[in-house]
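The values are calculated or read from the model by the stated rules, or taken from the named source; none is laboratory data. What you see is a predicted model, and the numbers here were worked out from it, not measured in a lab. Note: ideal-geometry Cβ built from the backbone for every residue, glycine included; neighbour counts use all protein chains shown. All accessible areas refer to the heavy atoms of the entire protein, side chains included, with ligands and DNA or RNA removed. Shrake-Rupley method; radii C 1.70, N 1.55, O 1.52, S 1.80 Å.
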Amino acid sequence: GWSVGTFSRSSWLDAHSFLNPIAFGLDGYIYNQESGNSDDGAALTRFVKWAPIDLKDGDRVLNCNRIVQSATVTSGVLQFELEFARWPQDTVTTKGPYSITSTTKYNRVRGQGRQMGYRLFSETNNDSWRLGTMRADLSEGPYR
């Protein structure tokens, strides 16, 4: 499912009549939603997180050596982290962050686990990117 956080808004006018949706806040302000790449000039944290994947229903360890992300970065830096766990209830080991810019072809990474999760994010002001397809260079490891 999707989660977009929370807003303290009482009502919305969709973008049919305006260029962007207009929202009325409980604080008495009117908000021009979906406009720009910042939080009224401050840095806006945004991320997409994928559910963990595994090989052969978790019967094998997976090795990750490279990530190819076809995201389009028009300004700023996009980053990602990989999350590995040896067993479903184990503590997650995070690798990264790794950076993606407009010229990045791939990122060399090293990680191993029965499960691998992926988190794509940016945390600075005025980053502009469009989500692309993530591909991973994975190989099957031993049964341990």
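On the given criteria, is Phe7 surrounded by 10 or more Cβ atoms within 10 Å (Cβ to Cβ), at pLDDT below 85 and not polar (S, T, N, Q)? Answer is yes for this residue. Among residues that are of a type outside the set (Asp, Glu) and touching a residue at least 60 places away in the same chain (Cβ under 8 Å), Leu55 is included.
Go through the residues of the stretch 64-76 one by one and say whether even a single one is under 18 Å from Asp137 (Cβ atoms), assigned to a loop (DSSP other than H, G, I, E, B) and of a type in the set (Ser, Thr, Tyr). Yes: the stretch 64-76 contains one or more residues that are under 18 Å from Asp137 (Cβ atoms), assigned to a loop (DSSP other than H, G, I, E, B) and of a type in the set (Ser, Thr, Tyr). Per the listing Ala51, Ala23, the residue uniquely part of a strand (DSSP E or B) and open to solvent by 50 Å² or more (accessible area, probe 1.4 Å) is Ala51. Only a single criterion out of (1) open to solvent by 70 Å² or more (accessible area, probe 1.4 Å); (2) assigned to a loop (DSSP other than H, G, I, E, B); (3) farther than 30 Å from Gly141 by Cβ; (4) at pLDDT below 90 is not satisfied by Asn37, namely (1). Could you tell me whether Thr45 is open to solvent by 70 Å² or more (accessible area, probe 1.4 Å), of a type in the set (Val, Ile, Thr), touching a Ser or Thr at 6+ places or on another chain (Cβ under 8 Å) and in contact (Cβ under 8 Å) with a residue 60 or more places away in the chain? The answer is yes for Thr45. Checking every residue in the stretch 97-116 against the condition of being more than 14 Å from the chain's Cα centre (by Cα), of a type in the set (S, T, N, Q) and at positive phi gives zero matches.
Sub-9 Å Cβ pairs linking a first residue in the stretch 4-32 that is among the basic types (Lys, Arg) to a second residue that is exposed (fewer than 13 other Cβ atoms within 10 Å of the Cβ), at least 6 apart or interchain, are Arg9/Leu26, ordered by first then second residue.
Could you list, in sequence order, the residues of the stretch 70-90 that are open to solvent by less than 20 Å² (accessible area, probe 1.4 Å) and under 15 Å from Ile53 (Cβ atoms)? Give the derivation first.
Within the stretch 70-90, the first condition is being open to solvent by less than 20 Å² (accessible area, probe 1.4 Å), and the residues that meet it are 71, 73, 78, 80, 82, 84-85.
If the condition is that a residue be open to solvent by less than 20 Å² (accessible area, probe 1.4 Å) and under 15 Å from Ile53 (Cβ atoms), then Phe80, Leu82, Phe84, Ala85 are the ones that fit.
Applying a threshold of 8 Å to beta carbon distances and a minimum spacing of six or more residues, or different chains, the list of pairs starting in the stretch 91-114 at a residue that is farther than 19 Å from Asp54 by Cβ and open to solvent by less than 70 Å² (accessible area, probe 1.4 Å) and ending at one that is of a type in the set (A, V, I, L, M, F, W, C) and assigned to a loop (DSSP other than H, G, I, E, B) reads Ser99/Val77; Ile100/Ala71; Ile100/Val77; Thr101/Val77. Could you tell me whether any residue of the stretch 126-136 is touching a strand residue (DSSP E or B) at 6+ places or on another chain (Cβ under 7 Å), among the basic types (Lys, Arg), touching a residue at least 12 places away in the same chain (Cβ under 8 Å) and surrounded by fewer than 16 Cβ atoms within 10 Å (Cβ to Cβ)? Yes, some residue in the stretch 126-136 is touching a strand residue (DSSP E or B) at 6+ places or on another chain (Cβ under 7 Å), among the basic types (Lys, Arg), touching a residue at least 12 places away in the same chain (Cβ under 8 Å) and surrounded by fewer than 16 Cβ atoms within 10 Å (Cβ to Cβ).
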